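Every number in this text was worked out from the coordinates using simple rules, so none of it is lab data. All values reported here derive from a predicted model rather than from experimental measurement. As a convention, Cβ positions derive from the backbone with ideal geometry for all residues, glycine included, and neighbour counts pool all protein chains shown.
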Amino acid sequence: VKDKILETLTSLRTYSREKGYLASLLYHEEDSSLMRFANSAVSLNTREHLFRLSITAYADRKRATFDLVTRLDNLDEMKAGIDIAAEMVQHSQPLTYQPTVPLLGDTFVDDSSCDDTLAKLGGQDKLHFFNSMVHDLETSDLRLSGIFSSGANTVALTNTRSDHALYFQTSDAQITVVLAHANLKWEVIAEQSAQQVSDLDSQDLRRQLAFLVERYQDEPAQQLPLGRYSIVFGPAATAEMLSVLDWIGFDGGLMKRGYSFLTEDQVGQRVFSDRFTLIDDPSRPETFPFRVDLTGIPRQAYSIFQDGIFQGFVWQQDDADEFGKQPTGHTVPHKSLVLQGGHEEIASLDELAGLPRNEDILYIPFLHYMNIVNPSRGIITASSRFGALLLKKDGSLFVPYNVRLTQSLLDIFGDRVEWLSRETIAYNTSQSYGARNPTALIVPKFVKVNDLEISHSNPSY
Amino acid sequence: MLELIRHEIDRLRARGATYVDARWVPFEQTNALLMWNGNLKTNTAARESGIGIRVLHKGAWGFSASSDLNSLPALFDSAFDQAQTASERLIFPVRLADKEAIQATFESPCQVNPFEVPLSDKVTFLRQMDELLNQAGVLQRVADLTFIRKKILFFDSEGSQIEKLITEAFASLQVSGQDAQGVTQERKFSLGRNGAHTRGWESIDSHLFTQHADRIVTELNQVLVAGECPKEDRSVILLPGIMYLQTHETIGHPLELDRILGYELAYAGGSFVTLDDFGTLQYGSQKLTVRADATLPNTPGSFGYDDDGVPCQNTVLIEKGILVGAITGRQMVEEANARAGRKIFAGSGGCSRATSFYRVPIERMTNINVDPGDDGSLEDIVAQTEKGIILDGDRSWSIGSNREQFHFATEIGWLVEDGRVTDVVKNATYKSDTLPFWNSLSAVGDASTWEVAYVPNCGKGQPNQIMQLGHGIPVCRFDKVRIGE
């Protein structure tokens, strides 16, 4: 199939050249399947196999794109699409800057992150995985929800300036399992990201669920008083906040447009805790990486924050073109963000709960419906969900109703960070909007931040 | 093609499937243009076609979709096999509420097909808007247009055959600038349904957009020099630019029946509403009447027939504050009635929709509308407000996982003191618990304040689906709401 894809792109490039077009061709293929569970049943079992071609035509400073869902063997349709894009660009408006059509210096093929076994997992495999995971945990009151999404994702591109092409293929799976009480409305969650089939571990998920279920069943939930808390964030919460940081923090284009809380003056300055080191590391296969960006720039580990010091904004090609900057190899569907672990030797929630402590600690594994209240100040808001716990200083713990946190990322990742766990984990942040784009960040399993304000506390679920 | 699809439906029925439907989309076109500070950053057209097959077998759903129509039998078999696997973990076998077999067509109102309008005309419109927005105080200006046109042919094993042609037009303007503290402030305008407008290119009314371009620039400049929103309790008066989202997030989503039944628990969340609440829950004050009205002409929430093949309806959800209805499709009403042990729902509310041929239909909002009230105009409501704040423009929104509480930030606020508008404030926010909030509804504006806002991008489901819908909303006032946090 790889050869067929590359041959097809070559044919389309030849066609474009013969017609005198300047064009780039981006091919995307996904073979996706998703089994969804709700109320302890399989509520949906889907498979979609889709081929997309995105054609961008250029004429001087003008640019236009035509996208189509097609078939790999339908060359006529794809050529017609190229003609449409070429026609569109004639009626476009020139940009104020010259858009770059990159010259790809080499053909780059990377299918090392594709595990066929994972990509082709069938419905029976998924059913067995879930059944073994929740066996004995599920009851008539405690119902299973979740998803097992898996598939193969292929991206390939070339352009009429280049004799070369880029090809990326990866396999991925995203597993979410929720046990929800039918009447009391509480829910606990365990999640897993997989790039190869050996990453799947149903018993690890089972252990996480069992720990939380026991606490939630035994401890009646209580409303937390408003006020300031020491909070330990789980991997989902940390990954979600880093995803927002990726957006309104160090993206050069958004900074130039006024939607960042960091400024160019802060490059080289310490803006976060000296415990905070964030890199974009495409050598980590768990992040479904692009080791070359879509303009052909080789990607290597790229430091964004080192010991809290801001190393600089990242620039994708189009923003770099517009604002006169040098692209940094970040013209990619997603980065490979890694928040480095710290020194705290805590590898599980069980260990966290058993840690001696001289204060109450609120554990928030998951932040629901995060939104940006004020991008210029980095203020986000979100609610806790899925298995929060209050770890009392006397060693006991209780279950809190959900609470709301409205706080600046400058505070959350600033000097209030007390520790990060040594152990890290890949957390899958893939969205299932539009085309498949498997995405994961590597984050410490636990991050402790002191003195954060809870601004709203639910009296019930 | 039609014969082939019917043949395959019959074949799967003969294999033992309880129900089969197919949505063939011969074409779905989109055209999106976005001009940012004079640069046409987005100039994209797209076209897709394909078919989605849904099979109910042994009480479970299977679904399969492809853009390749050359192997229909394999595609139908794949959906059947998916259902077969799904049936191995089954608690509540799927049953579908009764409906008529319908042979029908529907075409959304469109005078000028936007896909027949020259690209140069669209670019000219955006350039005009960009020039209008390019004024003092404005650092970033954005104008965008999005058009969708799709044909959907629906067939089911109950004898229905429905053909739909839907055209949508969305457009918005946005400006932003930075205040003295370096904080970005913004104002925007989005096209809604004004009067009897249709949804083609003709709805892109330059005169209307020119008026709003001037307004949002003026208001942005007021915000840029305004003081901070106070942190205190006040009456909040929500204008349509935020009232639509309040309705969407804290009435629309909590009343999706699949959510209430726990089908979104692993992702989007649940609902504080239970089946016991229907007919009894005091959702809001007596001034609150809400309906899911998919018969309202000329909005994205009206589509003729849903993707279960059920005709669009006008269903009351909340009547004088009491919860009486939900957003429903064929599957969920049967399950809800059975679980409740009583007939809460008489039948499907016709709200089952899929965003594309490769997604499965789920309960979606149509037009979730708050009926206009009898508390007069905005000016009348302001005159009757002792200490309040008028809020407009969505800036951020975050809602609890059961939709039980929320936090919203708005683009602009106008303080109201003793019945008079005083100062503009910036960085306005408000938050509350859903039920106390709607029960604090103390004034509902009359028809003069009622507008239909379009929502082009409501996300729900796994795999996720983006849906277009509408909200008809009046100006509303809520008392003793926390602002400024």
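Sorted from greatest to least, the principal axis extents spanned by the alpha carbons of chain B come out as 72, 56, 36 Å. Projected onto planes of every orientation and averaged, the convex hull of the alpha-carbon atoms in the protein assembly as shown covers 34.2 nm². Averaging Cα coordinates gives a centre for region A:1-59 and one for region B:123-167; these two points are 24 Å apart. Selection among A:Val417, A:Gly395, A:Ile372 by position relative to the dipole of region A:360-418 gives A:Ile372 as farthest towards the positive end (Cβ unit charges, Cα centre).
Other residues within the sphere of radius under 14 Å centred on the Cβ of B:Asn134, judged by their own Cβ, net out at -1 (K and R +1, D and E -1). In this Cβ point-charge picture (+1 for Lys and Arg, -1 for Asp and Glu), the protein assembly as shown has a dipole of about 520 debye about its Cα centre. Of the trypsin sites (Lys or Arg not before Pro) in region A:96-199, not one is in a loop by DSSP (not H, G, I, E or B) with at most 11 other beta carbons within 10 Å.
Projecting the Cα positions of B:Gly461, B:Gly269, A:Gln203 onto the charge dipole of the protein assembly as shown (unit charges on Cβ atoms of Lys, Arg, Asp and Glu, taken about the Cα centre) puts B:Gly461 furthest along the positive direction.
Each residue of region B:446-455 was assigned a 3J(HN,Hα) from its phi angle through the Karplus expression (A = 6.51, B = -1.76, C = 1.60, θ = phi - 60°), giving 7, 4, 5, 9, 8, 9, 10, 9, 9, 10 Hz with x at Gly and Pro. Placing unit charges on the Cβ atoms only, positive for Lys and Arg and negative for Asp and Glu, gives chain A a dipole magnitude near 780 debye about its Cα centre.
Among rounded, prolate and oblate, which fits region A:75-209 when a ≥ b ≥ c are the square roots of the eigenvalues of its C-alpha gyration tensor, a/c under 1.5 means rounded, and a/b larger than b/c means prolate? It is prolate, given that a/c is not under 1.5 and a/b is the larger ratio. Would you work out the Kirkwood radius for region A:65-116? I mean one over the mean of 1/r across all pairs of different Cα atoms, in Å. One over the average 1/r among Cα pairs gives 14.6 Å for region A:65-116. With helices as the sole contributors, chain B gives -6000 deg cm²/dmol at 222 nm; each DSSP H run of n ≥ 4 counts as -39500 (n - 2.57), and the sum is divided by every residue. Counting, for every residue in A:250-257, the Cβ atoms of other protein chains within 10 Å of its Cβ and taking the mean gives 1.
Once Rg and the Kirkwood radius are both taken over the C-alpha atoms of region A:1-77, their ratio Rg/Rh works out to 1.18. Decide, for region B:198-304, between rounded, prolate and oblate: order the square roots of the alpha carbon gyration tensor eigenvalues as a ≥ b ≥ c, take rounded if a/c falls under 1.5, and otherwise choose prolate if a/b is larger than b/c, else oblate. Oblate, since a/c reaches 1.5 and b/c is not below a/b.
Rounded to the nearest 10 degrees, the inclination of helix A:2-18 to the longest alpha-carbon principal axis of chain A is 40 degrees. Dipole magnitude for region B:258-341: about 340 debye, using +1 per Lys or Arg Cβ and -1 per Asp or Glu Cβ, origin at the Cα centre. In order along region B:71-85, phi translates into HN-Hα couplings of 10, 4, x, 5, 5, 4, 5, 4, 5, 4, 5, 4, 5, 4, 5 Hz, rounded to whole numbers, per the Karplus curve 6.51 cos²θ - 1.76 cosθ + 1.60 with θ = phi - 60° and x for Gly and Pro.
State the Cα centre-to-centre distance between region B:350-420 and region B:439-485 in whole Å. Spelled out, the Cα-based centre of one part sits 3 Å from the other. Let me make sure I get this right: for region A:266-305, a, b and c are the square roots of the gyration tensor eigenvalues over alpha carbons, sorted descending. Under 1.5 in a/c it's rounded, otherwise prolate if a/b > b/c, else oblate. Which is it? Here region A:266-305 falls in the oblate category.
Note on region A:17-153: Rg/Rh from Cα positions, Kirkwood definition for Rh, rounded to two decimals, is 1.18. Mean projection of the Cα convex hull over all viewing directions, computed for chain A: 22.2 nm². As a length-normalised measure over Cα pairs under 8 Å and 6 or more apart, the relative contact order of chain B settles at 16 percent. Calculated translational diffusion coefficient of region B:339-432 (20 °C, 1.002 mPa s; Stokes-Einstein with Kirkwood radius over alpha-carbon pairs) equals 123 µm²/s. Relative to the longest principal axis of the Cα atoms of chain A, the long axis of helix A:123-134 makes an angle of roughly 20 degrees. Exposed loop sites are taken as GluC sites (Glu not before Pro) in a DSSP loop (any state but H, G, I, E or B) with at most 14 other beta carbon atoms within 10 Å; the longest stretch of chain A without one runs A:1-344.
Per residue of A:197-203, other chain Cβ atoms within 10 Å of the residue Cβ number 0 on average. When you filter the trypsin sites (Lys or Arg not before Pro) in region B:195-252 for DSSP loop state and at most 13 other Cβ atoms inside 10 Å of their Cβ, you are left with B:Lys231. When only Cα pairs below 8 angstrom with a gap of at least 6 residues are kept, region A:137-197 shows a relative contact order of 35 percent.
Mind listing the long-range amide H neighbours of A:Thr70? Cut-off is under 5 Å, sequence gap 5 or more, other chains count too, H placed in the peptide plane at 1.01 Å from N. Answer set, sorted by chain and number: A:Phe51, A:Arg52, A:Leu53.
Taking the DSSP bridge list for chain B and keeping only pairs wholly inside it, about 90 percent are antiparallel. With the dipole of region B:352-399 worked out from charges on the C-beta (+1 for Lys and Arg, -1 for Asp and Glu) around the Cα centre, which of B:Pro361, B:Ile390, B:Leu378 lies farthest toward the positive end? Farthest towards the positive pole: B:Pro361.
Distance from the alpha carbon centroid of region A:79-111 to that of region B:1-52 works out to 26 angstrom.
The trypsin sites (Lys or Arg not before Pro) of region A:1-37 meeting both criteria, a DSSP state outside H, G, I, E and B (loop) and at most 15 other C-beta atoms within 10 angstrom of the site's C-beta, are A:Lys19. Using only the C-alpha atoms, the convex hull of region A:315-437 corresponds to 166 Å³ per residue. Within the same chain, lysines fewer than 8 places from A:Lys256 are excluded, and of the rest, those with a Cα less than 19 Å from its Cα are A:Lys325, B:Lys41. Note on B:421-427: average number of Cβ atoms from other chains within 10 Å of each residue's Cβ is 1. For B:Gln331, the shell of other residues with beta-carbons less than 11 Å away shows a net charge of -2, using +1 for Lys and Arg and -1 for Asp and Glu. Within straight-line reach of B:Lys480, meaning a Cα separation under 30 Å, sit the following lysines at least 8 residues removed in sequence or on another chain: A:Lys185, B:Lys188, B:Lys231, B:Lys287, B:Lys320, B:Lys387, B:Lys426, B:Lys431.
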